[in-house]
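Working notes, structure below.
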Amino acid sequence: MQNYGYQAALAAAQKVSWKVEDLIGGDKRLDFTRPFLPESLAWVEPLDFLTPREKLVLNQIRGHGYLYLFGLVEEFILPFVLDHARPQLAGDDYRVRALLQFAGEEAKHIQLFKLFREDFLAGFGSDCEVIGPPAAIAEAILAKDPLSVALVIAHIEWMTQRHYLDSVRGDERLDPQFKSLLKHHWMEEAQHAKLDTLMVQALADGRTPEQLLRAVDGYLEIGALLDAGLEQQLRFDLAAFERATGRKLDAREEAEFTRVQQRANRWTFLGSGMTHPSFVATLEDLGPAVRDKVEQVAPAFC
Ligand SMILES: [Fe+2]
Ligand SMILES: [Fe+2]
């Protein structure tokens, strides 16, 4: 069983201290001459029919999608953590403080992603449509079993660890502002991922193996809902690309664009979380059948 503690998570979180204003605003602006997302998430290079300039524009559109989609998922993480904390406000003081610190940081991240997105829209020069509204998506997700939602949140927060450690760190070509956002987000998400593990353990406590498998079905249903959202976002991204570059892709190019970018989106938001070793360890703690179930579907998203 993975062994994290509320007191240690709170102490680690308190050592990390940054303000939204340190990262964006004033002379801190996105640099549109540089890529925003690392290639391991953007996957623009396989599209060899695009010019270097068009690949850069597509990378930035994917960066915009990343800002928006993270803002969107954090809108259901925040109320979920508050609801999880509220019934035990009179319990373990470290538990209450660690969860409220977590919620406060997510409120900060929502604002951070929002301000970055405003800066993007001010500088990009043409429209980028987005899925939503976030409140409707949050409502659909929060209607599921809390254990299913807690698993999705753990998946998302381990995923942000992987995005920074495996791909962003060390990539010198990226826009420094966007890179700083990914770095600072990663710093705080490290404690969230541990608290998620504790939330999963608390919500799984006392359930039968069958009930745990049903909760995993709920996790996979939320994954399917997010996958459908990503598919729609991909259509918006293609339209934004054609608008920004003035280039209309022919049928063969459009099919290839869709195939590659669907894999890129699935890896970025689904596969990289589903297969994160710490998330897999959380599934294993719930039982080998739970782990097997997720491992069987994961290859479709990698
Ligand atoms: Fe966050
Ligand atoms: Fe988080």
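The values are calculated or read from the model by the stated rules, or taken from the named source; none is laboratory data. Everything quoted here is computed from the prediction, not taken from an experiment. Cβ placement follows ideal geometry from the backbone for every residue including glycine, while neighbour counts extend to all protein chains displayed. What goes into the accessible areas is simple: the full protein's heavy atoms, side chains included, and nothing from ligands, DNA or RNA. Shrake-Rupley method; radii C 1.70, N 1.55, O 1.52, S 1.80 Å.
The percentage of C-alpha pairs in the chain whose separation is greater than 37 Å is 14%. In a DSSP loop and with at most 11 other Cβ atoms within 10 Å, the trypsin sites (Lys or Arg not before Pro) in the stretch 247-299 are LYS248.
Spacing of the modelled spin labels on ALA298 and SER40, each 7 Å from Cα toward Cβ, amounts to 1.6 nm. Anyone know which of SER126, SER167, SER272 comes out most mobile in the 10 Å Cα GNM of the chain? Among SER126, SER167, SER272, the largest mean-square fluctuation in the Gaussian network model of the chain belongs to SER126. The loop-placed trypsin sites (Lys or Arg not before Pro) in the stretch 73-174, going by DSSP, that have at most 12 neighbouring Cβ atoms within 10 Å of their Cβ come out as ARG173. At an R0 of 45 angstrom, the distance between the Cβ atoms of ALA202 and ALA251 translates into a FRET efficiency of 0.30. Please name which of ILE131, GLN101, THR197 has its Cα lying farthest along the dipole of the chain towards the positive end, using unit charges on Cβ (Lys, Arg +1; Asp, Glu -1) and the Cα centre as origin. Of ILE131, GLN101, THR197, it is GLN101. Could you please state, rounded to a whole Å, how far the C-alpha centre of the stretch 112-181 is from the C-alpha centre of the stretch 14-45? Here the two parts' Cα centres lie 12 Å apart.
Between VAL260 and LEU121, the distance separating the two model label sites (each 7 Å from Cα on the Cα→Cβ line) works out to 2.9 nm.
Full extension of the chain between ASP22 and ASP48 yields a length gain of 5.6 nm, computed as 0.36 nm times the residue separation minus the alpha carbon distance.
The gain in end-to-end length when the ASP83 to LEU142 segment is fully stretched comes to 20.2 nm, 0.36 nm per residue minus the alpha carbon separation. The accessible-area ordering, largest first, of the residues ASP92, ASP127, ASP31 stands as ASP127, ASP92, ASP31, per a 1.4 angstrom probe. Set the bar at 25 Å for Cα to Cα. Now go through LYS108/LYS183; LYS179/LYS293; LYS114/LYS183 and name every pair that lies beyond it. Among LYS108/LYS183; LYS179/LYS293; LYS114/LYS183, the Cα-Cα distance tops 25 Å for LYS179/LYS293. Label-to-label distance for MET1 and GLN14 is 2.6 nm, based on points extended 7 Å past Cα in the beta-carbon direction. The residues neighbouring HIS64, those whose beta-carbon lies less than 13 Å from its own, together hold a net charge of -2 under the Lys/Arg +1, Asp/Glu -1 convention. Working value for the stretch 22-68: equivalent-ellipsoid semi-axes of 23, 12, 8 Å, each the square root of 5 times a Cα gyration tensor eigenvalue, largest first.
Relative protection proxy for 6-13, 146-153, 44-51, from highest mean packing down: 146-153, 6-13, 44-51 (other beta-carbon atoms within 10 angstrom).
Net charge dipole, the chain: roughly 380 debye, given to the nearest 20, about the Cα centre with Cβ charges of +1 for Lys and Arg and -1 for Asp and Glu. Dipole check for the stretch 60-168: with +1 at the C-beta of Lys and Arg, -1 at the C-beta of Asp and Glu, and the Cα centre as origin, the magnitude is about 120 Debye.
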